[in-house]
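Here is the structure we will look at, set down as structure tokens.
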Amino acid sequence: MNPSIGKPIDRVDGRLKVTGAATYAAEFPIKDLVYGVSITSTITKGRVKNIDSRQALKVPGVIGIMTSENSMQLHFPAGSDPSNGKFAEKDLLPLQNDRVFYGGQHIAIIVAETFEQAEQAAALVKVTYDEQPATIGIEKNITTAYKPASGLGGGEAQIKRGDVETAMLSAAVKTEETYTTPVYHHNAMEPHATIAQWEGDKLTVYDATQSVMGVKGLLAATLGIPAEKVQVYALYIGGGFGSKGFTWANTLLAPMAAKQFNRPVKLVLSRQQVFSAAGRRTQTIQKITLGADQTGKLSAIKHATTSETSFVDEFVETAGLATSMLYSSPNLDVSHELVRLNRGTPCPARAPGEAPGTYALEVAMDELAHQLKMDPLQLRLINHADMEEQKKKQFSEKSLKECYERGAEAIGWKNRKAEPGTLKEGNYLVGYGMATATYPANRSASTAKATLFANGNAEILCGTQDIGTGTYTVMTQVAADGFSLSPDKVKVKLGNSSYPKGAQSGGSQVSASVGPPIRAAALGVISKLINLAISDTASPLHGYKEEDIAADNGRIHLVKNPDKGETYSQVMTRQGLDKLEAQAKTNVSTRQQGPPTPAPAGSPEAKAEEESKTNKAVQEDEKTDRKDFAFHSFGAQFVKVLVDPDLGMIRIDKIVGVMDIGTVMNLKTATNQIMGGMIFGIGMALMENTQYDPNNGRVVTRDLAQYLVPVHADIPEIEVQFINKPDTFISPIGARGIGEIGITGITAAIANAIYNATGKRVRDLPITPDKLIA
Amino acid sequence: MEPFKLIRVQDGQSAINATLTAGSKFIAGGTNMLDLMKLNIETPKQVIDINKLSLYQIEELPNGGIKIGALVKNSDLAYHPAIAKKYPVLSEALLSGASPQLRNMASVGGNLMQRTRCPYFYNADFVCNKRVPGSGCGAIAGYNRNNAILGTSAQCIATHPSDMCVAMAALGAIIHVQGVKGVKTIPFSEFHLLPGQTPHLEHNLRQGELITHVEIPPIAYAARSHYLKVRDRASYEFALTSAAVILDIQNGRILKSHIALGGIGTKPWRADLAEKVLNGAIANQQTYRAAAEAALSQAKGYKDNSFKIELAKRTLVRALTTTGGIS
């Protein structure tokens, strides 16, 4: 039987989604459900003086209003394990006091029998404030910038090697420019949404989240209840892109209101509210200095990023992280600074750090190439990093040069003219641009449970979730191979916090993290089945050794004589078993230093860990020595662009992304992920940006009419290719993550193509018509 | 949204009678009205559904003009053979607006009545003289990249969003209205109002008046016409700048021109200053550029939208060049 991994099978949940049968967080039919509507602050800083709800409470159907005056007290989970959930704004647990730190902050929840009644009542609530002067605008407050102690997830934020200043003095060629990127919002189709239901002291929550396990941990800690009393479901998620990675106030407000009014409560943020109280990609100001010799060899790289965060938590957009490893340079200085503003807190957004960071670095590289009168592709090859120079480690697998080669061929790079503004098609100027894509490959400890049923079907349970990326489908393929069954016989169940703990859907880590334990658990079941047959005198395989027996398409048989064997069902039926189970936990983590943290005694994970000690697949996986390797995915992005120079109108003619992401698990979902990332990049390059009012600091462009994302007419022919070379060090499956790399590099490739077309170097995203005619 | 009473009427007179109830609003396609109601910007007590009225005809008149029922869908108008042939500028303008789904719902009368997309108007957290008279204008000192540069006042710089209206301004359409006192017509140039001191007053309809038809006068040479729209994305976005151009050219000379601009005015902007330059002049680049300079001579840029002055000129020059060629 051919392996299922690698086959471009259709999404297993595709039909459910297109027919509307898939249940998203806000869509669960709950008896006696009532509706919450959030009232948010209309000042940027200050205190809530009074909330007059007298008129609102007279609206028929209104049950009550929850404010900081009457809401329950929450506990901040100090020093908790971040894998148990991160609240996005640690100093702003909702409705705990009257302070306002930003416009659009939740200040009250009105609850009514219907959504319409709650909406009507919300509009009648009159709030008065003590308004205070707010801190508005990163540029105006640049003198308050400070260096954060650490970056995303406790990683490094200040990175140095060699002596940049000295190297710059002797550099034959130098470029120094500042690149700026605006605030971007994720704008997942599904807004943040929560349903909460209490049954006695047991809480059930349906949440739009990238981490059911994180929400479970966080709710237990903040509400002060035992984790086993919290049940979280996220069966289908309408996109997250990072915005649902941390937990936002809505996830707490729904159970708080449900408790207060003793009814199950649904709370869905409006599109406008998502723009204030549910994260964003922070604005960046990035100064990049490159020093090179006459041949283009880099001697020094300096990348200084200033971004903004809120007054209620710290989030660092680590734009310089990729710079520390992408090119070979003996001297490097990567730094990050933060300015606090009265805005909601930023959070990861598809390739946090790398997306804006590769924009700035890869445009800077293009500028250096132009100064050297060198093909920008050649400059990348000259400075190719053969090893991870900061950590001084080998890459587990790197085929970047092949990405460049194939991308250049596919776009027709040879047609590019070195001199900008010299190539024309009709009224349009034509330009070609390229850039390198990169994103770290992450993997974290995960657990899964496999069950084989007597009817020959199988099931996987894993406490991760599919945020729309195709996890259900790809893990069905992994499990099918582990069970040696066709994918249609395997049901993968995710998005349930009572399942064995799986990875958070963030950092492009799900496939690499939950794939191995799912595979190992399925293999574990088959191993148990084989051993049952061996010890069963009625089995044709009785008395053989396990290594002499293979599994294939629902049947076990002798390796040397495939005719001698029997089906899984035959073994189980004879044994009187209705099911056969195995659990597996893999403790491999690419981020955690030192030995893995053992699962808490008595937890489901501890049982899986115990069982994994005799699971060959887990043992082999964990035996792999990873400490000498750096894990990164790479890619090359190529763009052909047409520009109408008089009107500043830009048409992307073609984009090509060639990706080196290890094993391609499913060509369809993988292509879809990369294509989606590249389209995100088109938005980032050409139109997306969130504007804040310069006078009061509140979001002005807060719906999809004002915040433009690309439409079909903006999207050109997109060609996605994969190297498809397994990374045997990251896992036995060989796949690195794929969710984020597609957006890296593409923005720079577009900007570089526009420069090649027009000779105009726009260093401030997005590149809109006004900037090209200026 | 506030609760409201919905009534469905079968004829124009019933529709007009129904408006005697205070706080009444007509609804047709609802593509703008419903959004505004959800945001509590429009809070009608009674919504009068006029979709049952027999105003769906596109009639070619004996004089060569066309009479369009107020309920004709934007898409039906755009694809009507007579419009596409005799008034391509109108067809192109309609098809450059919104998305196919919206054009299938939106009516001609509703398009005339649609309100600005100025974010300060849409956002109740901010002041807006159009939404709450006398509260102030958030846009003038705020983020105003998409706001107007012509016809603005100290009270309001909101852009009129319509594409269709720009073509109709160029064509000199006539609005037919039925009211309590009978029927009347309003020339297009008098239908929309400049903001002045009263930005909340946007049109010349009185309470109880219903748009029944829009008449496009006969313009024999309007087959030579064009609508050009510049925007931040390729579809489904309002204009940064746009130009509707109709030219009567004979032997390289412009005998008569009709020019209107979009994306830049507080109302659909008939550029008569440009027409003065064009009429009688040779059809060439110098003429076109001079016309564009004249069209924008009164323009006033704000913090984020001064680029529109030059972009609007270039848009008009390109539209003129495409339509008129170069002699």
Which one is surrounded by the most Cβ atoms within 10 Å (Cβ to Cβ), of the residues in the range B:40-77 that are of a type in the set (Lys, Arg) and more than 17 Å from residue B:104 (Cβ to Cβ)? B:67
Just checking, does the range A:228-237 include any residue being in contact (Cβ under 8 Å) with a residue 24 or more places away in the chain, basic (Lys, Arg) and under 27 Å from residue A:461 (Cα atoms)? yes
Give the range A:273-323 a look and list any residue that's in a strand (DSSP E or B) and among the hydrophobic types (A, V, I, L, M, F, W, C), or say none. A:285, A:288, A:290, A:292, A:298, A:300, A:301, A:304
Single match in A:140, A:126, A:216, A:160 (criterion: among the basic types (Lys, Arg) and out of contact with any strand residue (DSSP E or B) (no Cβ under 7 Å at 6 or more places or on another chain)): A:140
Which one of these is assigned to a helix (DSSP H, G or I) and either under 29 Å from residue B:278 (Cα atoms) or away from chain A (no Cβ under 14 Å) (or both): B:190, B:215? B:190
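Could you please let me know if residue B:103 is among the charged types (D, E, K, R) and either in contact with a Pro (Cβ under 8 Å, 6 or more places away or on another chain) or not in a helix (DSSP H, G or I) (or both)?
On the way: among the charged types (D, E, K, R): yes; either in contact with a Pro (Cβ under 8 Å, 6 or more places away or on another chain) or not in a helix (DSSP H, G or I) (or both): no.
Judged against the criteria, residue B:103 is not a match.
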Residue A:51 assigned to a strand (DSSP E or B), touching a residue at least 12 places away in the same chain (Cβ under 8 Å) and surrounded by 13 or more Cβ atoms within 10 Å (Cβ to Cβ): yes
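Table: residues versus (1) more than 21 Å from residue A:696 (Cα to Cα); (2) more than 14 Å from chain B (Cβ to nearest Cβ).
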{"position": "A:36", "(1), (2)": "yes, yes"}
{"position": "A:43", "(1), (2)": "no, no"}
{"position": "A:48", "(1), (2)": "no, yes"}
{"position": "A:51", "(1), (2)": "yes, yes"}
{"position": "A:60", "(1), (2)": "yes, no"}
{"position": "A:64", "(1), (2)": "yes, yes"}
{"position": "A:76", "(1), (2)": "yes, yes"}
{"position": "A:96", "(1), (2)": "yes, yes"}
Has the range A:595-606 got any residue that is under 22 Å from residue A:452 (Cα atoms), touching a strand residue (DSSP E or B) at 6+ places or on another chain (Cβ under 6 Å) and either hydroxyl-bearing (Ser, Thr, Tyr) or in a loop (DSSP other than H, G, I, E, B) (or both)? no
Here are some residues: B:224, B:231. Which one is in contact with a Leu (Cβ under 9 Å, 6 or more places away or on another chain) and under 29 Å from residue B:121 (Cβ atoms)? B:231
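I'd like to know if the range B:124-136 contains one or more residues that are free of Cβ contacts under 8 Å to residues at least 60 places away in the same chain, assigned to a strand (DSSP E or B) and surrounded by fewer than 21 Cβ atoms within 10 Å (Cβ to Cβ).
Step one: list which residues in the range B:124-136 are free of Cβ contacts under 8 Å to residues at least 60 places away in the same chain, which gives B:125-128, B:132, B:134-136.
Restricting the remaining residues to those that are assigned to a strand (DSSP E or B) gives none.
No, the range B:124-136 contains no residue that is free of Cβ contacts under 8 Å to residues at least 60 places away in the same chain, assigned to a strand (DSSP E or B) and surrounded by fewer than 21 Cβ atoms within 10 Å (Cβ to Cβ).
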Residue list for the range B:67-82, filter: assigned to a helix (DSSP H, G or I) and free of Cβ contacts under 8 Å to residues at least 24 places away in the same chain: B:76, B:81
Return the residues of the range B:222-264 that are surrounded by fewer than 19 Cβ atoms within 10 Å (Cβ to Cβ), over 21 Å from residue B:173 (Cα atoms) and away from chain A (no Cβ under 14 Å); say none if nothing qualifies. B:250, B:251, B:252, B:253
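What number of residues in the range B:152-162 are out of contact with any helix residue (DSSP H, G or I) (no Cβ under 7 Å at 6 or more places or on another chain) and buried (at least 24 other Cβ atoms within 10 Å of the Cβ)? Break it down stepwise before answering.
Of all residues in the range B:152-162, those out of contact with any helix residue (DSSP H, G or I) (no Cβ under 7 Å at 6 or more places or on another chain) come to B:152-157, B:159-161.
When the remaining residues are screened for being buried (at least 24 other Cβ atoms within 10 Å of the Cβ), the result is B:152, B:156-157, B:159-160.
So the answer is 5.
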Pick from the range A:708-725 the residues that are charged (D, E, K, R) and surrounded by fewer than 18 Cβ atoms within 10 Å (Cβ to Cβ): which of them is nearest to the other protein chains (Cβ to nearest Cβ)? A:717
Residue list for the range A:640-656, filter: touching a Pro at 6+ places or on another chain (Cβ under 9 Å) and more than 14 Å from chain B (Cβ to nearest Cβ): A:640, A:654, A:655
Pull out all pairs, ordered by first then second residue, where Cβ-Cβ is under 7 Å, the residues are six or more apart or on different chains, the first lies in the range B:1-17 and is within 14 Å of another protein chain (Cβ to nearest Cβ), and the second is part of a loop (DSSP other than H, G, I, E, B). B:1/B:40; B:2/B:40; B:2/B:43; B:4/B:44; B:4/B:45
Looking at the range B:140-182 only, could you name the residues that are in a loop (DSSP other than H, G, I, E, B), of a type in the set (Gly, Ala, Ser) and out of contact with any strand residue (DSSP E or B) (no Cβ under 6 Å at 6 or more places or on another chain)? B:141, B:142, B:153, B:154, B:158, B:162, B:172
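Considering only the range A:638-650, I want to know if a residue exists there that is touching a residue at least 24 places away in the same chain (Cβ under 8 Å), of a type in the set (Phe, Trp, Tyr), out of contact with any Leu (no Cβ under 8 Å at 6 or more places or on another chain) and closer than 16 Å to residue A:737 by Cβ.
If we filter the range A:638-650 for residues that are touching a residue at least 24 places away in the same chain (Cβ under 8 Å), which is where we start, we get A:638-650.
Still in the list and also of a type in the set (Phe, Trp, Tyr): A:638.
Then drop every residue that is not out of contact with any Leu (no Cβ under 8 Å at 6 or more places or on another chain), which leaves A:638.
Now restrict to residues that are closer than 16 Å to residue A:737 by Cβ: none.
No; the residues of the range A:638-650 include none that is touching a residue at least 24 places away in the same chain (Cβ under 8 Å), of a type in the set (Phe, Trp, Tyr), out of contact with any Leu (no Cβ under 8 Å at 6 or more places or on another chain) and closer than 16 Å to residue A:737 by Cβ.
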Looking only at the range A:429-469, which residues are touching a Cys at 6+ places or on another chain (Cβ under 8 Å) and of a type in the set (Lys, Arg)? A:449
Looking at (1) in contact with a helix residue (DSSP H, G or I) (Cβ under 7 Å, 6 or more places away or on another chain); (2) buried (at least 24 other Cβ atoms within 10 Å of the Cβ); (3) in the same structural domain as residue A:714 (by TED's automatic domain parsing), can you tell me which one residue A:662 breaks? (1)
Just name the residue that is farthest from the other protein chains (Cβ to nearest Cβ) out of those in the range A:674-707 that are within 23 Å of the chain's Cα centre (by Cα) and over 20 Å from residue A:754 (Cα atoms). A:674
Pick from A:171, A:108: which is assigned by TED's automatic domain parsing to the domain that holds residue A:298, surrounded by 16 or more Cβ atoms within 10 Å (Cβ to Cβ) and touching a Ser or Thr at 6+ places or on another chain (Cβ under 8 Å)? A:171
Flag if residue B:320 is away from chain A (no Cβ under 14 Å) and within 22 Å of the chain's Cα centre (by Cα): no
From the set of residues in the range A:245-279 that are touching a Phe, Trp or Tyr at 6+ places or on another chain (Cβ under 8 Å) and within 14 Å of chain B (Cβ to nearest Cβ), which is nearest to residue A:70 (Cα to Cα)? A:277
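Per-residue answers, yes or no, for (1) surrounded by fewer than 22 Cβ atoms within 10 Å (Cβ to Cβ); (2) among the basic types (Lys, Arg); (3) not in a helix (DSSP H, G or I); (4) not assigned by TED's automatic domain parsing to the domain that holds residue A:22:
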residue: A:469; (1), (2), (3), (4): no, no, yes, yes
residue: A:478; (1), (2), (3), (4): no, no, no, yes
residue: A:485; (1), (2), (3), (4): no, no, yes, yes
residue: A:491; (1), (2), (3), (4): yes, yes, yes, yes
residue: A:513; (1), (2), (3), (4): no, no, no, yes
residue: A:525; (1), (2), (3), (4): no, no, no, yes
residue: A:539; (1), (2), (3), (4): yes, no, yes, yes
residue: A:577; (1), (2), (3), (4): yes, no, yes, yes
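The values are calculated or read from the model by the stated rules, or taken from the named source; none is laboratory data. Worth saying up front: this structure is predicted, and the values here are computed from it rather than measured. Using ideal geometry, Cβ is built from the backbone for each residue, glycine included, and neighbour counts are taken over all protein chains shown.
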